[in-house]
């Protein structure tokens, strides 16, 4: 029995992660704007002892509304509703460093961390769609390098704000009329290329010190950013070998920066179709694929991989040269494009087959099989240095999550791979992450010891 414990998040995607989920009778697309729908998902994930629910987002209408459930609720607000209905499950929201300001976003996450008693996590994205720029009065979307430079400043600023009150700044001395020790409240005083924030913050330090920092980019810039800042990484891989290479690279980069690599949890996406038999699981996957709309899938490929296949017959093979040099592992600037190129090179699919391959989870790994087979895949990746856990991406909600929690989780527990009870109360506890030291307190202690 393994002594290692893997980590599991439920990745919330309104009707489910398969692009045709909303058309399938097992899904509930009429509920995707209801708070109780998301509360039920959160409670189901908590009952199964998941580390967190993970909510994606983007500040633009990215999908084709004619063919998909394109609308999205704002994630921090939704996670606040889930927090009110749960007690232990972590709450990870996606928010863009390109289209927020640090002070506002720091307040939102601080509030979520307080109200949830220490369960907040921030999935840091720089936003990859040009459509967002015009929603914020910009004529163009910043290039990747500029976005990551701003993101680094943003995280540095946000952590200064969250740390601006030392942990013992609030004294609550009623007898002498002193609420806080103002010597322990500090201004952020951040001045950078992209951001200038004075501070101080207008709330004390939250239960976790600050929310768990999560990141979802796999380009060269994204990897460097993750190695420096991230405490959990959401990533996409089709093969064990590629996942192992990514895992090793991130851990090595973090170690080189003086970080403990065990304090970075790497969580690939996994979308499971589950059946009593492998044939039944594959039949279920085919049911969903038959509901796809090719025009939508072709647009998704353009968005994911910047490749236009619309001129090809659906039953013609996808040409390898359509992806240029994306298979070159030294060029990570278009990482999701590389994932798609890998599928094409390995499987040589027709256009229709590629559309079906990507329909399940937008390039994340899709597995169709029995609960034992799903558990085998998880165990192999976990024990062979490819993952610290997974972002579970049910093809449809809520039943796809229920299938996983009721049939796969017990197998993982019997194998000693997953917890049988929560041992902590915060998201940091669940992930085995330390509460960060307050940077201002550390500086003051260092100055005093040097004097």
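With the condition kept exactly as written, say whether any residue in segment 316-325 is in contact (Cβ under 8 Å) with a residue 12 or more places away in the chain, surrounded by fewer than 21 Cβ atoms within 10 Å (Cβ to Cβ), farther than 30 Å from residue 401 by Cα and in contact with a strand residue (DSSP E or B) (Cβ under 9 Å, 6 or more places away or on another chain).
Yes: one or more hits.
Within segment 53-70, identify whether any single residue is within 17 Å of the chain's Cα centre (by Cα), more than 26 Å from residue 136 (Cβ to Cβ) and buried (at least 20 other Cβ atoms within 10 Å of the Cβ), and answer yes or no.
yes
Quick check on this structure: which one of 254, 279, 227 is under 30 Å from residue 407 (Cβ atoms) and in a helix (DSSP H, G or I)?
Selected residue: 279, the only one of 254, 279, 227 that is under 30 Å from residue 407 (Cβ atoms) and in a helix (DSSP H, G or I).
Considering only segment 185-198, state which residues are surrounded by 11 or more Cβ atoms within 10 Å (Cβ to Cβ) and either part of a strand (DSSP E or B) or touching a residue at least 40 places away in the same chain (Cβ under 8 Å) (or both).
185, 186, 190, 191, 194, 195, 196, 197
If you take just the helices (runs of 4 or more DSSP H) that sit entirely in segment 319-408, which of them hold at least 1 residues that are at pLDDT 95 or above and under 17 Å from residue 238 (Cβ atoms)?
371-383
Within segment 47-63, how many residues turn out to be under 30 Å from residue 302 (Cα atoms) and outside any loop (DSSP other than H, G, I, E, B)?
Number satisfying all stated conditions: 3.
In segment 415-431, what residues are assigned to a loop (DSSP other than H, G, I, E, B) and either free of Cβ contacts under 8 Å to residues at least 40 places away in the same chain or more than 16 Å from residue 390 (Cβ to Cβ) (or both)? Give the derivation first.
So the first thing to find is which residues in segment 415-431 are assigned to a loop (DSSP other than H, G, I, E, B), and the list is 415-426.
Matches in segment 415-431: 416, 420, 421, 422, 423, 424, 425, 426.
For segment 167-183, state whether one or more residues are surrounded by 14 or more Cβ atoms within 10 Å (Cβ to Cβ), out of contact with any strand residue (DSSP E or B) (no Cβ under 6 Å at 6 or more places or on another chain), more than 22 Å from residue 57 (Cβ to Cβ) and touching a residue at least 24 places away in the same chain (Cβ under 8 Å).
First, pick out the residues of segment 167-183 that are surrounded by 14 or more Cβ atoms within 10 Å (Cβ to Cβ): 167, 169-170, 180-181.
Next cut, out of contact with any strand residue (DSSP E or B) (no Cβ under 6 Å at 6 or more places or on another chain) only: 167.
Narrowing further to those that are more than 22 Å from residue 57 (Cβ to Cβ): 167.
The next check asks that each one be touching a residue at least 24 places away in the same chain (Cβ under 8 Å); those that pass are 167.
Checked segment 167-183: at least one residue is surrounded by 14 or more Cβ atoms within 10 Å (Cβ to Cβ), out of contact with any strand residue (DSSP E or B) (no Cβ under 6 Å at 6 or more places or on another chain), more than 22 Å from residue 57 (Cβ to Cβ) and touching a residue at least 24 places away in the same chain (Cβ under 8 Å).
The values are calculated or read from the model by the stated rules, or taken from the named source; none is laboratory data. Keep in mind that what you see is a predicted model, and the values were worked out from it rather than measured. Glycine gets a Cβ as well: all are built from the backbone with ideal geometry, and neighbour counts include every protein chain shown.
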